[in-house]
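Since the structure comes first, as structure tokens, the remarks are kept for the end.
The values are calculated or read from the model by the stated rules, or taken from the named source; none is laboratory data. Everything quoted here is computed from the prediction, not taken from an experiment. Counting neighbours? That spans all protein chains shown, and the Cβs are built from the backbone with ideal geometry, glycine included.
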Amino acid sequence: MSAIHTKIKQVVRAVLGTEGFENKEDVVIEDGIVNTILAGLYLGGLTAFLIYAFLGYGAANLSYCYNITIGNPQETAYMFAALCFLFPYIYYPYYAIILNPLCKKTNLVASVRK
């Protein structure tokens, strides 16, 4: 049995109140529960990674298109796209609040208020 299985069994025993981490009494915990916990951790981590990757791709795409549209060189657009891929949670509010190209170019706010 691997070390991770042993640690998870100790955590399950502690949560169930059957024994503490130091007490090594024999308590029957099936390997199915350990495998279920490991599968949940794996799938949860994979899901979080995919969501972050999609958010990063969207931020990088927005940044690249915006930089090309305003006339920055392609190298600058690639650099900012890479930074936005790594930090999408910073770029999305920055894009929405500070850059806001839709409302600046088409004066959408003024047309909606009329």
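Between 29, 51, the distinction of being on the phi < 0 side of the Ramachandran plot and either modelled with pLDDT of 75 or more or of a type in the set (Gly, Ala, Ser) (or both) belongs to 51 only. Go through 59, 77, 14 for me and flag whichever is assigned to a helix (DSSP H, G or I), among the small types (Gly, Ala, Ser), surrounded by 12 or more Cβ atoms within 10 Å (Cβ to Cβ) and at pLDDT below 80. The unique qualifying residue is 14.
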